[in-house]
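Following: one structure in structure tokens, then a few remarks.
Values quoted throughout were computed directly from the atomic coordinates according to the rules given, and no laboratory measurement underlies them. Quick caveat, the model's predicted, so the values are computed rather than measured. Every residue, glycine among them, receives a Cβ derived from its backbone with ideal geometry; neighbour counts consider all protein chains shown.
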Amino acid sequence: MVDVSAKPVTAREAVARGRITIARSAMRVVRAGQLKKGGVVEVARLAGIMAAKRTSDTIPLCHPIPLAHVDVELRPRRDGFVIEAHVRTEARTGAEMEALHAVAVAALTVYDMVKAADAAMVIADVHLVEKKKAPLDA
């Protein structure tokens, strides 16, 4: 791991986004709540939050950081979902990996839940949208 012990603890925030493309016929099944595995949005949102919390367990050399806030949002589109994760922490290193991990796992969860209705889904464009760092208020 990179030594961050000399860095000051700062307020940090990261936003990541990605999308999953789903056939329109499968999206109709999702919107109607007719999937055997249950509500896609709720399960994928929870999976993304859990993934952010466990990022350092799955990505080698990633620092474990205390998360103050994680929010994962799935916005439905005609052809799938846009997934966005917001992560905040007070730490010596940023929360970019946690936000990216949350989006990726949320997308994979959608894929798992919908694969019986659409075997040709595509997860794409997982990327960091924004990162911020600010000194802690005195």
* Ratio of Rg to Rh over region 3-61 (Cα coordinates, Kirkwood Rh, two decimals) -> 1.16
* Asked: Which lysines does residue 37 reach when only Cα atoms under 22 Å apart count, and residues fewer than 8 places away in its own chain are ignored?
  -> 115
* To do: Straight distance only, please: which lysines reach the Cα of residue 132 with their own Cα at less than 23 Å, same-chain residues fewer than 8 apart left out?
  => 7, 53
* Structure fact -> Note, residue 1: beta-carbon cut-off 15 Å, +1 each Lys/Arg, -1 each Asp/Glu, net 0
* **Square roots of 5 times each gyration tensor eigenvalue, C-alpha, the chain, largest first, Å** => 32, 13, 12
* Just tell me which aspartates and glutamates come within less than 17 Å, Cα to Cα, of residue 131; anything on the same chain fewer than 8 places away is out. => 13, 71, 84, 90, 96, 98
* **Net charge, residue 115 excluded, C-beta distance under 13 Å - Lys, Arg +1, Asp, Glu -1** => 0
